[in-house]
Amino acid sequence: MSEDSVFELARHYRFQWEQAQQAYVLLYPEGMVKLGTSAGEILKRVDGASPVSAIVADLERAFPGADLRRDVTEFLAHASVKGWIRVKPG
Amino acid sequence: MSSQANPPLWLLAELTYRCPLHCVYCSNPVDYTAYGEELATEEWVRVLREGRQLGATQLGFSGGEPLVRDDLEVLVAEARTLGYYSNLITSGIGLNERRIAAFKEGGLDHIQVSFQDSTREMNDFLSSTRTFDLKRRIAKLVKQYDYPMVLNVVLHRLNIDHVGQILELAAELEAEYVELANTQYYGWAFLNRDLLLPSQEQLERAEEVTNRFRERVGNRMKIYFVVPDYYENRPKACMNGWGSVFLNLTADGLALPCHEARMLPGLEFPSVREHDLRWIWHDSPAFNRYRGDEWMKEPCRSCPEKAKDYGGCRCQAYLLTGDAALADPVCDKSPHHALITRAVERARQAGAGVETKPVLFYRDDENSRRLSRKSEKAPIA
Ligand code: SF4
Ligand code: SF4
């Protein structure tokens, strides 16, 4: 993964805010992952258009004072391994 | 008393019991012809909304054949607006381009196609060009509209030896996921059990064929093989526990903790026509009846494994022993386990060519009416 990598949600996954759980969740066939606060904030920005650098910058604007680069790249790597997201081809 | 239970995650909407097929292993209730009127579109919409408010996220549309309902498009779109992840479980009969385009547009997330061989049409299922063309057409539509191709095939003694051919067919249709699910013995399948339960030998052969096929196709196709629980010595954790994650809604508006629960005696299942889902899930006596482990008898009550399997399936316990609060006889700690081993032994003999009387009950309206008249609530094991 580089600064310029662009991620998108894996096919057939859906990301949404879940009122009853007060959390962001990922939905897929016959299952659901409930996301922690920071995972939710990162995934919310995975839109198939923003490169990693833009996601980091945007998060640092929303949560000033923190160095989030490492958190973001670690989570994106984890989410790729889990198959929730993938690098957008091309 | 209101339960502290977590919300249901899964809603299964059995929209109708009408179906163009007559599968001998159908898990629909055998007396389905005796039920009241189907819920109307507005009633379904209200119930789906209540389900979301309660916290449900997964929604399955099934039946019968859900495509028989001509308001499916409306319900699909409503489900998406409400934020469900929705899945259509269908035989594919009645699917055409106009409908699948509307489902896509409305936001349907997933389609699971079951290839039914209704035995009456067994040869058809495996060889006829007519049905094969139909299947090819469905598979093509599913792909064209960017759904993963998920195939479900129910296995039993009469077709399990063809597992190789079934997998070839799946490969030709470029299926991405194939579920080879052995029949579970409820409803029509239970009536037909002695003709449907495969022998141990058949099972082993089928698994071997499946494994070889897996090696050949690699990641292209994911294949699940589900053995019948009659060949296990511990029961399945049925529904992950009674009233724990799953809520089944019947065509005529009853709420059930599993698809089969309707046959259990002494329980009054609440109707969505009279109650809202929140009351049904948390407060109705039926949903609290087998929640947790207070209701258990020995050997489950003092068993260290009860948190793992919840004593198995209430309906199977009732069907086989006549008491829904007993251990599922699949468990070899159950004093009734011999009921299972005897059925398995009969399957072995049948497999070895000892003739059994071939009387299959086809799931059709006439048989259903006959069976409802008998109002046969007594266990038949
Ligand atoms: S199992 Fe067969 S008969 Fe029963 S609802 Fe499904 S397709 Fe119809
Ligand atoms: S005795 Fe009951 S709880 Fe224990 S393993 Fe058997 S079915 Fe499960």
Helices (runs of 4 or more DSSP H) enclosed by region B:264-381 - at least 3 residues per element that are modelled with pLDDT under 95 and within 16 Å of ligand 1 (Cβ to nearest atom): B:365-373
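The rows are residues; the columns are (1) charged (D, E, K, R); (2) within 29 Å of residue A:20 (Cβ to Cβ); (3) free of Cβ contacts under 8 Å to residues at least 40 places away in the same chain.
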position	(1), (2), (3)
A:34	yes, yes, yes
A:37	no, yes, yes
A:45	yes, yes, yes
A:48	no, yes, no
A:62	no, yes, yes
A:70	yes, no, yes
A:76	no, yes, no
Among (1) over 29 Å from residue B:13 (Cα atoms); (2) more than 24 Å from the chain's Cα centre (by Cα) - the single one residue B:274 does not satisfy: (1)
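Within region B:1-13, how many residues turn out to be part of a loop (DSSP other than H, G, I, E, B), within 14 Å of chain A (Cβ to nearest Cβ) and open to solvent by 20 Å² or more (accessible area, probe 1.4 Å)?
Filtering region B:1-13 for residues part of a loop (DSSP other than H, G, I, E, B) gives B:1-9.
Keeping just the survivors that are within 14 Å of chain A (Cβ to nearest Cβ) gives B:5-9.
Still in the running and open to solvent by 20 Å² or more (accessible area, probe 1.4 Å): B:5-7, B:9.
Count: 4.
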Restricting region A:1-14 to residues that are more than 11 Å from chain B (Cβ to nearest Cβ) and crowded, with 17+ Cβ neighbours inside 10 Å, the residue that is farthest from the chain's Cα centre (by Cα): A:6
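Assess whether residue B:79 counts as being more than 16 Å from ligand 1 (Cβ to nearest atom) and among the hydrophobic types (A, V, I, L, M, F, W, C). Working first, answer last.
On the way: more than 16 Å from ligand 1 (Cβ to nearest atom): yes; among the hydrophobic types (A, V, I, L, M, F, W, C): yes.
Criteria met by residue B:79.
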Failed condition for residue B:142, given (1) out of contact with any helix residue (DSSP H, G or I) (no Cβ under 6 Å at 6 or more places or on another chain); (2) without any contact (Cβ under 8 Å) to a residue 40 or more places away in the chain; (3) crowded, with 23+ Cβ neighbours inside 10 Å: (2)
Condition met for residue B:175 (open to solvent by less than 20 Å² (accessible area, probe 1.4 Å) and within 16 Å of residue B:115 (Cβ to Cβ)): yes
Test: residue in region B:14-35 that is crowded, with 18+ Cβ neighbours inside 10 Å, outside any loop (DSSP other than H, G, I, E, B), away from chain A (no Cβ under 14 Å) and of a type in the set (Asp, Glu): yes
Total residues in region B:50-74, condition part of a loop (DSSP other than H, G, I, E, B), in contact with a strand residue (DSSP E or B) (Cβ under 7 Å, 6 or more places away or on another chain) and within 14 Å of chain A (Cβ to nearest Cβ): 2
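Scanning for something within 13 Å of chain B (Cβ to nearest Cβ) and surrounded by fewer than 19 Cβ atoms within 10 Å (Cβ to Cβ), does region A:75-90 turn up at least one residue? Step through it out loud before you land on a result.
From region A:75-90, those within 13 Å of chain B (Cβ to nearest Cβ) are A:83; that's our starting set.
Those left that are additionally surrounded by fewer than 19 Cβ atoms within 10 Å (Cβ to Cβ): A:83.
Looking for residues that are within 13 Å of chain B (Cβ to nearest Cβ) and surrounded by fewer than 19 Cβ atoms within 10 Å (Cβ to Cβ), one finds at least one in region A:75-90, hence yes.
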Residues of region B:189-244 satisfying the condition of being in contact with a strand residue (DSSP E or B) (Cβ under 8 Å, 6 or more places away or on another chain), part of a helix (DSSP H, G or I), within 18 Å of residue B:154 (Cβ to Cβ) and open to solvent by 40 Å² or more (accessible area, probe 1.4 Å): B:207
Residues (open to solvent by 50 Å² or more (accessible area, probe 1.4 Å) and away from every other protein chain (no Cβ under 14 Å)) located in region A:31-62: A:37, A:38, A:44, A:47, A:49, A:58, A:60, A:61, A:62
Some residue of region B:75-86 being open to solvent by 50 Å² or more (accessible area, probe 1.4 Å), assigned to a helix (DSSP H, G or I), within 14 Å of chain A (Cβ to nearest Cβ) and touching an Asp or Glu at 6+ places or on another chain (Cβ under 9 Å): yes
Residue pairs meeting the criteria (Cβ under 6 Å; at least 6 apart or on separate chains; first closer than 16 Å to residue B:194 by Cα, in region B:152-168; second part of a helix (DSSP H, G or I) and open to solvent by less than 10 Å² (accessible area, probe 1.4 Å)): B:156/B:196; B:157/B:196; B:160/B:206
Meets criteria (open to solvent by 10 Å² or more (accessible area, probe 1.4 Å) and within 14 Å of ligand 2 (Cβ to nearest atom)) for residue B:303: yes
Residue tally, condition touching a helix residue (DSSP H, G or I) at 6+ places or on another chain (Cβ under 6 Å) and assigned to a helix (DSSP H, G or I), over region B:166-188: 1
Filtered residues of region A:16-30 (kept if assigned to a strand (DSSP E or B) and either open to solvent by 50 Å² or more (accessible area, probe 1.4 Å) or facing another protein chain (nearest Cβ under 8 Å) (or both)): A:16, A:17, A:18, A:25, A:27, A:28
Failed item in (1) outside any helix (DSSP H, G or I); (2) in contact with a strand residue (DSSP E or B) (Cβ under 6 Å, 6 or more places away or on another chain), with residue A:40 passing the rest: (1)
Residue list for region B:214-240, filter: touching a Pro at 6+ places or on another chain (Cβ under 9 Å) and closer than 30 Å to residue B:174 by Cβ: B:228
Residue check, residue B:235 within 16 Å of ligand 2 (Cβ to nearest atom) and touching a helix residue (DSSP H, G or I) at 6+ places or on another chain (Cβ under 8 Å): yes
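The values are calculated or read from the model by the stated rules, or taken from the named source; none is laboratory data. Fair warning: this is a prediction, and the values are worked out from it, not measured in the lab. Virtual Cβ from ideal backbone geometry, glycine too; neighbours counted across all protein chains shown. Surface accessibility is based on the protein's heavy atoms, side chains included, excluding ligands, DNA and RNA. Shrake-Rupley method; radii C 1.70, N 1.55, O 1.52, S 1.80 Å.
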